[in-house]
């Protein structure tokens, strides 16, 4: 079976420096999808770079509940925001998994509030890009209320979601998130992806039984906002260098892995 690979640059719109790196990874590297944080201040800058690059890159929704301000009015989504009207950071959320070292607080947002803000960010996405995305996914945190919100939003907008079951439907093919159930993949993301991670198949691409597979990375440059607001700093630059390495592309070609985007999951689009 010939495999197809969707390579996602998460966090597009996080900061202006990061945006430049993500665009480079698309233009010069193996990135096929830009995942936009439409609520962020740097989102219009990201969209401007996307348009300058031709506007043909697949732009999807990187739904964000833990960084910056919401698109919704804070009073409409009280379980997601602090008294200052900003999102609670991921460290304030209560973890579902005891092994989760990121979420160490007691905040459990409601599915209703998560759904409202997901829809608001999808609408902002359309305002910025001129169209709704064909895929939505989440940033940093995931729990039952978030999964329920994504399921409902995906049904309403008739788009693919990262939380969908990995089963074929009447309208879509399954897409396998390689990070799911793969702790080594998550450790790679936290220290930055190196070419050897591909060559030695540490992320499980060659072993995957699925035709369509999805990899997420954070290729970008750093600026003051990143250092002040993200625990992921230097690994972003390592991702960028690796994804733009011609030998990584050659390795994929040598294993007959076709680079694609989320249009590949639709039977007709």
- [ ] Could you check residue 54 against (1) assigned to a loop (DSSP other than H, G, I, E, B); (2) at positive phi; (3) within 18 Å of the chain's Cα centre (by Cα) and say which number it fails?
- [x] (3)
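Conditions tested, residue by residue: (1) crowded, with 24+ Cβ neighbours inside 10 Å; (2) without any contact (Cβ under 8 Å) to a residue 60 or more places away in the chain.
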| position | (1), (2) |
| --- | --- |
| 2 | no, no |
| 12 | yes, yes |
| 19 | yes, no |
| 23 | no, yes |
| 31 | yes, no |
| 35 | yes, no |
| 38 | yes, no |
Open item on the list: Can you report the number of residues in region 225-269 which are within 18 Å of residue 21 (Cα to Cα) and modelled with pLDDT under 95?
Closed with: 1
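Only one residue in 178, 232 is farther than 28 Å from residue 42 by Cα and without any contact (Cβ under 8 Å) to a residue 60 or more places away in the chain. Which one? Explain how you work it out, then say what you get.
Numbers: 232 fails: farther than 28 Å from residue 42 by Cα.
One residue alone meets the criteria, 178.
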Open item on the list: For region 130-141, give me the residue count where each residue is within 17 Å of the chain's Cα centre (by Cα) and modelled with pLDDT of 95 or more.
Closed with: 8
Open item on the list: Suppose the filter is assigned to a helix (DSSP H, G or I), crowded, with 18+ Cβ neighbours inside 10 Å and touching a residue at least 40 places away in the same chain (Cβ under 8 Å); does residue 122 pass it?
Closed with: yes
- [ ] Quick one: in region 250-269, of everything that is over 21 Å from the mean Cα position of the chain (by Cα) and assigned to a helix (DSSP H, G or I), which residue is surrounded by the most Cβ atoms within 10 Å (Cβ to Cβ)?
- [x] 252
Open item on the list: If I ask for residues that are farther than 25 Å from residue 266 by Cβ, in a loop (DSSP other than H, G, I, E, B) and touching a helix residue (DSSP H, G or I) at 6+ places or on another chain (Cβ under 6 Å), which ones from region 195-221 would you list?
Closed with: 202, 218, 219, 220, 221
Task: All positions within region 90-115 that are in a helix (DSSP H, G or I), over 19 Å from the mean Cα position of the chain (by Cα) and under 21 Å from residue 38 (Cα atoms) - done: 111, 112, 113
- [ ] Might you let me know whether region 92-106 holds any residue that is modelled with pLDDT of 95 or more and either within 26 Å of residue 266 (Cβ to Cβ) or surrounded by fewer than 21 Cβ atoms within 10 Å (Cβ to Cβ) (or both)?
- [x] no
Open item on the list: So, in region 128-149, exactly how many residues are touching a residue at least 60 places away in the same chain (Cβ under 8 Å) and more than 22 Å from residue 174 (Cβ to Cβ)?
Closed with: 5
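Does residue 72 satisfy the condition of being closer than 13 Å to residue 138 by Cα, in a loop (DSSP other than H, G, I, E, B) and out of contact with any strand residue (DSSP E or B) (no Cβ under 6 Å at 6 or more places or on another chain)? Give the derivation first.
Details: closer than 13 Å to residue 138 by Cα: no; in a loop (DSSP other than H, G, I, E, B): yes; out of contact with any strand residue (DSSP E or B) (no Cβ under 6 Å at 6 or more places or on another chain): yes.
It is false that residue 72 is closer than 13 Å to residue 138 by Cα, in a loop (DSSP other than H, G, I, E, B) and out of contact with any strand residue (DSSP E or B) (no Cβ under 6 Å at 6 or more places or on another chain).
The values are calculated or read from the model by the stated rules, or taken from the named source; none is laboratory data. Since this is a predicted model, take the numbers as computed values, not measurements. We place every Cβ from the backbone using ideal geometry, glycine too, and count neighbours over all the protein chains shown.
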